[in-house]
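*Asks:* Here it is: the structure, laid out below.
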Amino acid sequence: MQSAAVTAWHDTLSDIKELVGEVRFNLWFRRTRALCSKEAAFEVGVPSVFSAEWLDNHYRDVITCTLSEKLGRAVAIRFVVDPGLFREEREKQGRSDTDLIRQAGAPENIEKSDPVRYSLDNFVVGPCNSVAYWACVKVAQNPATAYNPLFIHGGVGLGKTHLLRAVAGAVRGGEQSGDIEYISAESFTNQFLFALRNNKMHAFHRRYRNCRILVIDDVHFLASKQGTQEEFLNTYKAVSRHGGQIIMASDSHPKLIGKLKDELVTRFLAGMVVKIEKPDFNTRLEIVRRKAAERSLALADATAEFVARNVSGSVRELEGAVNTIAWYAAMSCAPVGVSMAGRILDGLIESQCLPVRLAGIDELVTRYAGLAEGDLRGKRRTRPVSRARHLAMYLARELGSYSYSEIGAYFGGRNHSSVLSAVRKVEELIDTDEAFSVDVAALKSQFGS
């Protein structure tokens, strides 16, 4: 291409920009270039047939006049689809669609997450979480060679998200770095719905089905969402087909999530399913010391032990306790002793002593049995509802200090003998039905029993 023609086209574009304004110029003229100039013919490269037709129909005359003036001779304009510009346009559109999908779901960006806060090195390992931790280490070292899928479950605030982010961060920062997607099930759902409504499914599939490592947090959010479950199942299959690693976390065991497609549950169970328990005293003590060190808080051994002994809930609650003590220490410019820690954490320590609530048992068993909210407290006596109600009564008796009358009153106004009969039936089933016995143990473990 002659330099004079390229210069003439550049000057023509400058004049046209002044004439049509920046918005129209960026839309129709920015991605064009001079291709060929031979006597009376001048070819202009454009990214698509649509662009060629639009320019020809709306701007041919102004382009022809302006370019002829720049060249000093009359020329005939011809718009030609340039393969290079076409590829750039498609790539740009793909990036744009992906960006829109990301924005729709407000996805968690593992690249920007704090590598100090979420790493395998600073995860406090104890008997409660060692199996999950070492499984994550193995996956980070050799993705898709073992424990695939890896499914971690446990109560809120016990470190599941920490492990998932740490694995994703370790792989992204290592030699095996590649296409890694970390996202919560809620964001996955939001992005899927956005893509579906806006004809962006191709970009959605390209992002998730082609990734090498797919990390999904809060899988229990998919319960009852049939459309999203189907999409996630297809995504799961696609990632598995090309040898990708899948890592998931949930508040509940796959079998206890409820209203989840059987095919999803069986695929989750085909890999490694591991639970994170509440931390024991020694693990809690180490967590308190680590969190204090992160805050540059000088915490006496007696105070650290007091916190670890009395805040027995989640890692998140322990972190909150240390943060509160650190704030008081900074405000008073003095160390916080045991008695002061007791006063500062009075409300939190009190909450640790709350009993297992009947409403909590109701909610868990309802979800496990796939029933509607309120079924266990209602009058329905269908076999699935009655069996689930009996199970809830048994758990209430086992886990709480409730009388038969209190339990009966809560679950639909049943009398003392009805509750006693229900408890005995469940005990017999536990002795004779191994699968049911495993499910009951899993349900009880949700309350730390």
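Where a number appears in this text, it was derived from the coordinates with a stated rule and is not lab data. From a predicted model like this one, the values you see are computed outputs, not experimental measurements. Cβ coordinates were reconstructed from backbone atoms using ideal geometry, including for glycine residues, and neighbour counts include every protein chain displayed.
*Asks:* So between Ala223 and His202, what do we pick up on full extension, going 0.36 nm a residue minus the alpha carbon distance?
*Replies:* Full extension of this stretch gives 5.1 nm more.
*Asks:* Mind checking the angle between helix 83-105 and the chain's longest principal axis? C-alpha axes, 0 to 90 degrees, to the nearest 10.
*Replies:* Helix 83-105 and the main axis of the chain meet at about 30 degrees.
*Asks:* I'd like to know which of Ile407, Leu364, Ala302 lies farthest towards the positive end of the charge dipole of the chain, counting +1 on Cβ of Lys and Arg and -1 on Cβ of Asp and Glu.
*Replies:* It is Ile407.
*Asks:* Any idea which of Ser224, Ser3, Asn148 is furthest toward the positive side of the dipole for the chain, if Lys and Arg beta-carbons carry +1 and Asp and Glu beta-carbons -1?
*Replies:* After comparing all options, I get Ser224.
*Asks:* So the label point goes 7 Å from the Cα of Asp11 along Cα→C-beta, right? Which residues of the stretch 50-67 then have their backbone N under 19 Å from it?
*Replies:* Residues 62-67 fall inside that zone.
*Asks:* When a/c is below 1.5 the answer is rounded, else prolate if a/b is larger than b/c, else oblate, so apply that to the stretch 130-276 with a ≥ b ≥ c taken from the square roots of the Cα gyration tensor eigenvalues.
*Replies:* Numbers: a/c = 1.68, a/b = 1.17, b/c = 1.43.
Oblate shape, in that a/c is at least 1.5 and b/c is the bigger or equal ratio.
*Asks:* About the Cα centre of the chain, what is the dipole size in debye to 20, counting +1 per Lys and Arg Cβ and -1 per Asp and Glu Cβ, all else neutral?
*Replies:* Using only the charged Cβ atoms, the result is roughly 760 debye.
*Asks:* Take every Cα-Cα pair in the stretch 232-385 and report what % of them are more than 21 Å apart.
*Replies:* Numbers: 7309 of 11781 pairs.
Taking all Cα-Cα pairs of the stretch 232-385, the fraction more than 21 Å apart is 62 percent.
*Asks:* Give the calculated FRET efficiency between His242 and Ser130 to the nearest 0.05, with a Förster radius of 25 Å applied to their Cβ-Cβ distance. Mind showing how you got there, number by number?
*Replies:* Working: r = 32 Å, r/R0 = 1.26.
Given R0 = 25 Å and the Cβ-Cβ separation, E is 0.20.
*Asks:* Could you order the peptides 416-429, 158-171 from most to least packed, using the average number of other C-beta atoms within 10 Å per residue?
*Replies:* 158-171, 416-429
*Asks:* Relative to the longest principal axis of the chain, what angle (0 to 90°, nearest 10) does the C-alpha long axis of helix 358-369 take?
*Replies:* That works out to roughly 60 degrees.
*Asks:* Quick one: compute a quarter of the convex hull surface over the Cα atoms of the stretch 120-207 and quote it in nm².
*Replies:* 6.8 nm²
*Asks:* Explain nothing, just the number: relative contact order of the stretch 1-84, from Cα pairs under 8 Å at least 6 residues apart, as a whole percent. Don't skip to the answer; put the middle values down first.
*Replies:* Working: 101 pairs, mean separation 28.7, N = 84.
Relative contact order, the stretch 1-84: 34 percent.
*Asks:* Rounding to the nearest 10 and keeping the result within 0 to 90°, find how far the Cα-based axis of helix 434-445 lies from the longest principal axis of the chain.
*Replies:* 80 degrees
*Asks:* Based on the mean of other beta carbon atoms within 10 Å per residue, what is the order of 385-397, 255-267, most packed first?
*Replies:* Output ranking for 385-397, 255-267: 385-397, 255-267.
*Asks:* Per-residue HN-Hα couplings for the stretch 208-220, Karplus 6.51 cos²θ - 1.76 cosθ + 1.60 at θ = phi - 60°, whole Hz, x for Gly and Pro?
*Replies:* 9, 7, 9, 6, 8, 9, 10, 10, 10, 9, 6, 4, 4
*Asks:* Tell me, what is the percent relative contact order of the chain, built from C-alpha pairs under 8 Å that lie six or more residues apart?
*Replies:* It rounds to 11 percent for the chain.
*Asks:* Select from Val288, Leu71, Ser445 the residue farthest towards the positive end of the dipole of the chain; place +1 on Cβ of Lys and Arg, -1 on Cβ of Asp and Glu, and compute about the Cα centre.
*Replies:* The residue sitting farthest along the positive end of the dipole is Ser445.
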